[in-house]
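Before any comments, here is the structure.
The values are calculated or read from the model by the stated rules, or taken from the named source; none is laboratory data. Since we're looking at a predicted model, the values are computed, not measured. A quick note on method: Cβ atoms are made from the backbone with ideal geometry, for glycine too, and the neighbour counts reach across all protein chains shown.
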Amino acid sequence: SSPPSACGPSSVPSPTRCVPAPSRRAPCRSSWTAWAAGSRCSAGSRSWRTRSPGCSAARGCPISRCGQWPLAVAAIPEGLPAVLALTLALGVHRMARRGAVVKRLAAVEALGSATVVCSDKTGTLTLNQMTARAVWAGGRLYDVTGEGYATGGTLRTRVTGGGDSDLRRALLPFAVCNDAHLTGGGDEAGGDGFVGDPTEAALVVLAAKGGLDADRLRTELPRTGELPFDAATKYMATFHAEPDGRTRVLVKGAVDVLLDLCRAVLTEDGERPLDDERRRAEVLAVTERLSEAGLRVLGAAEALVDGPPSANALSGLTLLSIAGLADPPRPQAGEAMALCRTAGVSVKMITGDHAGTAAAVACELGIQGGVVTGAELDGMPEEELAERVDGIGVFARVAPEHKVAIVRALSSRGHVVAMTGDGVNDAAALRAAHIGVAMGVTGTDVAKEAADMVLTDDDFSTIVRAVREGRAIYGNIVKFVRFQLATNIGAILTLLGSALAGLPAPLTAAQLLWVNIIMDGPPAMALAVDPARDDVMRQPPRDPGERILDARRLFAIGRAGAVMALGTVVLLAVARSHADTRTAATMAFTTFVLFQLFNALNARADEGPLLSRYQLRNRTLWLCLTGVLAVQVAAVHLPQAQNVFGTVPLDAAQWAVCLGTASTVLLAELFWRAAVGGRTGGRRAGRGRLPRRVVSGWSG
């Protein structure tokens with residue numbers, strides 16, 4: 001027999017032809033709609049199926065019985081690309097609002113798996129608000145009073161006698177070999193304003209407390225040349241013309257570097273040669289004493305040479321003084337360190353400061369591991385560095401090229417490395433790291449261009465919060481992927497199960513599109529903005545090679561899909577014996593939609609208790625689930641929607657049956673987790689109390 005005229009050959013624009021399926025019901029009145037939907041007609045009587053010429057198999061072929069078009073629609077997660085893009089975009093937006101500007105989306109994923117953070121000390125772990133606390137000048141150690149960049153303060157020593165001339169001479173390089181200017185008026189009430197580098201500003205304040213006016217001295221000693229500070233040389237030198245035609249050379253920089261350039265040292269007895277190892281040891285002892293107190297140590301030296309400025313003038317300097325500057329750690333840095341330890345993320349301090357200073361600050365912050373200097377790195381083979389790098393917590397007196405070697409050593413150990421930097425020479429290390437982090441306040445344009453992320457506040461805790469956000473974003477990706485794939489697996493199994501059971505297809509292509517895009521999309525997007533779990537930083541870093549869908553998650557997806565398919569097919573079969581076919585099909589369609597509401601809760605608790613207060617924290621998700629339910633009610637009860645989806649109204653009892661059947665996907669997951677010990681697995685680390693100040697800034 002031939003199909004009705006509405007589904008005749010002239011109406012089918014392809015080689016595919018409609019053939020009647022055996023049925024006890026009356027002919028379908030809309031066979032073209034049935035063909036387009038690729039499913040059995042839900043008009044209440046005879047149904048039709050499509051069959052291509054190449055599929056001349058028996059009428060019991062499952063794919064032919066369930067329809068090719070619904071199966072194709074069910075197999076494709078149409079909303080997945082949109083939700084993935086939305087998740088990354090919203091995550092990057094949240095990070096930018098909190099001080100971490102991500103330039104490359106791939107860095108978001110890398111942040112979630114970071115195992116080591118290599119951080120600069122000054123300005124990142126510390127406030128970069130320098131205050132001189134002590135100064136060794138002319139063989140005497142002075143205590144410096146006063147706070148901040150106001151000049152109200154004094155230099156006090158317990159030793160009596162001696163003039164101020166040696167002190168003024170000892171402080172002269174700090175005032176003149178300097179580019180910073182105070183803007184507070186130069187008195188105790190002047191305030192903390194300055195222009196220039198904070199370290200240089202602190203040295204100007206130190207000189208002012210010793211009675212030197214930096215602006216006046218710079219006028220009296222005009223600068224005729226300079227060697228700017230360089231991370232490789234670790235000193236700055238300026239050249240000044242004297243009235244007698246000679247050139248005064250003023251230098252400030254790292255004490256150990258200056259000692260190699262000095263031939264004499266200023267003591268209480270005047271200048272004394274440094275060829276005596278005892279005097280050299282005394283200077284180093286003073287340096288160690290100040291650095292062990294956590295002070296940043298800088299030395300000052302000078303020389304008078306004949307003729308114009310030249311590089312040779314730096315070979316005969318006289319060491320005049322050593323200043324100890326306090327740079328307090330950021331208040332939140334210690335808590336951020338504790339959070340890193342809880343999360344299994346190692347922190348390594350990289351600084352150009354003295355090893356003793358770096359070790360003292362590291363101890364205060366809780367950074368664990370040994371101390372290695374740049375000189376030691378120079379003599380260390382790559383293999384030895386790779387072997388020892390895990391046990392090193394502080395790298396002191398390092399140059400930019402050492403950062404690259406450190407990154408390579410950590411990477412060879414399988415670490416995912418985040419490296420900070422602010423200078424032009426740091427660009428190579430920022431590019432070598434998995435996540436290059438540039439400083440937005442003090443960083444150069446070159447460093448910002450080379451980095452994957454820029455910190456607008458130069459704060460170390462912002463890096464830690466970005467790691468937390470990266471983990472949350474990855475977790476949200478897992479949630480919506482699990483949610484959407486479970487829906488697609490459930491739809492496929494539902495269609496195949498109904499075909500194998502000899503039942504009409506419970507879902508048409510239009511209904512499946514409705515489920516995948518309208519009913520499935522908004523909850524998936526709400527999962528994309530899910531707040532991070534409280535224990536996200538109690539888990540160790542994930543393996544960067546870990547699959548999003550590992551065996552455990554694939555089993556969970558299959559388990560949820562099987563429960564949805566079984567519930568839908570069984571309800572369809574039972575409902576057909578108690579109601580007409582269209583009502584049964586509507587109940588099956590509604591049940592499959594309601595399954596998604598409960599499955600969203602399953603996906604949201606991928607790792608952790610299934611039912612907890614955390615399930616109530618995503619207001620957007622609950623609004624979406626409420627909206628999905630309301631729209632489904634409209635699809636069932638509004639006449640216009642009934643014409644599109646082939647639905648009929650359901651009474652309260654039928655809605656209750658649909659809701660109860662849909663809840664089985666949540667109950668099944670509860671029973672499964674109880675059977676395997678109450679957890680779904682996942683990575684867990686320590687369960688110490690989290691520092692609330694660090695976490696609170698990124699919650700919600």
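Can you tell which of Leu625, Leu616 is at pLDDT below 90 and within 22 Å of Ala524 (Cβ to Cβ)?
Checking each option against the conditions leaves just Leu616.
Out of (1) farther than 30 Å from Phe239 by Cα; (2) in the same structural domain as Ala285 (by TED's automatic domain parsing), the odd one out for Thr318 is which?
(1)
Please work out if Val563 is touching a Ser or Thr at 6+ places or on another chain (Cβ under 7 Å) and hydrophobic (A, V, I, L, M, F, W, C).
When the stated conditions are applied, Val563 passes them.
How many residues does segment 347-373 contain that are closer than 23 Å to Gly414 by Cα and buried (at least 22 other Cβ atoms within 10 Å of the Cβ)?
Qualifying residue count for the region: 6.
Within segment 416-519, which helices (runs of 4 or more DSSP H) (wholly inside it) include 1 or more residues that are touching a residue at least 60 places away in the same chain (Cβ under 8 Å) and aliphatic (A, V, I, L, M)?
In segment 416-519, 460-500, 509-513 are the helices (runs of 4 or more DSSP H) which contain 1 or more residues that are touching a residue at least 60 places away in the same chain (Cβ under 8 Å) and aliphatic (A, V, I, L, M).
Regarding segment 285-294, can at least one residue be identified that is free of Cβ contacts under 8 Å to residues at least 60 places away in the same chain and outside any strand (DSSP E or B)?
Checking segment 285-294: at least one residue is free of Cβ contacts under 8 Å to residues at least 60 places away in the same chain and outside any strand (DSSP E or B).
Please determine, by comparing only the residues of segment 598-643 that are exposed (fewer than 15 other Cβ atoms within 10 Å of the Cβ), of a type in the set (A, V, I, L, M) and touching a residue at least 40 places away in the same chain (Cβ under 8 Å), which one is nearest to Val563 (Cα to Cα).
Leu611
Given Ala399, Ala360, Ala405, Ala409, which one is closer than 13 Å to Val116 by Cβ, small (Gly, Ala, Ser) and in contact with a helix residue (DSSP H, G or I) (Cβ under 8 Å, 6 or more places away or on another chain)?
Ala409
For segment 78-179, give me every one of the helices (runs of 4 or more DSSP H) that falls completely inside it and has 1 or more residues that are of a type in the set (S, T, N, Q).
Filter on segment 78-179 gives 80-97, 165-176.
Quick check: anything in segment 546-563 in a loop (DSSP other than H, G, I, E, B), surrounded by 19 or more Cβ atoms within 10 Å (Cβ to Cβ) and in the same structural domain as Val481 (by TED's automatic domain parsing)?
no
Just checking, does segment 534-548 include any residue being within 31 Å of the chain's Cα centre (by Cα) and within 19 Å of Glu669 (Cβ to Cβ)?
No.
Out of Leu659, Leu611, Leu594, report the one residue that is more than 17 Å from Ala505 (Cα to Cα) and at pLDDT below 90.
None of the others qualify; the one that does is Leu611.
I'm told Ala106 meets every condition in (1) more than 16 Å from the chain's Cα centre (by Cα); (2) surrounded by fewer than 20 Cβ atoms within 10 Å (Cβ to Cβ) except one. Can you identify the failing condition by its number?
The failed condition is (1).
Given Gly497, Gly490, Gly502, which one is on the phi > 0 side of the Ramachandran plot and at pLDDT 85 or above?
Gly502
Scan segment 454-473 and tell me whether some residue there is within 30 Å of Ala585 (Cβ to Cβ) and surrounded by fewer than 20 Cβ atoms within 10 Å (Cβ to Cβ).
No, segment 454-473 contains no residue that is within 30 Å of Ala585 (Cβ to Cβ) and surrounded by fewer than 20 Cβ atoms within 10 Å (Cβ to Cβ).
Out of all the residues in segment 387-416, which are acidic (Asp, Glu) and closer than 25 Å to Ala232 by Cα?
Matches in segment 387-416: Glu401 only.
Please work out which residue is surrounded by the most Cβ atoms within 10 Å (Cβ to Cβ), limiting yourself to segment 244-284 and to residues that are of a type in the set (Gly, Ala, Ser) and either more than 20 Å from Ala375 (Cβ to Cβ) or touching a strand residue (DSSP E or B) at 6+ places or on another chain (Cβ under 9 Å) (or both).
This residue is Gly253.
Going residue by residue through segment 424-431, is there one that turns out to be among the β-branched types (Val, Ile, Thr) and touching a Gly at 6+ places or on another chain (Cβ under 6 Å)?
no
From the list Ala432, Ala405, Ala428, pick out the single residue that is closer than 26 Å to Pro544 by Cα and crowded, with 20+ Cβ neighbours inside 10 Å.
Testing whether each residue is closer than 26 Å to Pro544 by Cα and crowded, with 20+ Cβ neighbours inside 10 Å leaves just Ala405.
Mind counting the residues in segment 287-307 that are closer than 21 Å to Ala355 by Cα and surrounded by fewer than 19 Cβ atoms within 10 Å (Cβ to Cβ)?
4
Inside segment 195-281, counting only helices (runs of 4 or more DSSP H) that do not spill past its ends, which hold 1 or more residues that are free of Cβ contacts under 8 Å to residues at least 12 places away in the same chain?
214-220, 255-261
Just one of Gly294, Gly316, Gly334, Gly324 is over 30 Å from Gly366 (Cβ atoms) and small (Gly, Ala, Ser); which is it?
Result of the check over Gly294, Gly316, Gly334, Gly324: Gly316.
Helices (runs of 4 or more DSSP H) wholly in segment 326-385 with at least 2 residues that are under 16 Å from Gly123 (Cα atoms) - which ones?
Output list reads 333-343, 355-365.
Of all residues in segment 586-616, how many are in contact with a helix residue (DSSP H, G or I) (Cβ under 7 Å, 6 or more places away or on another chain) and assigned to a helix (DSSP H, G or I)?
Looking only at that region, the number is 20.
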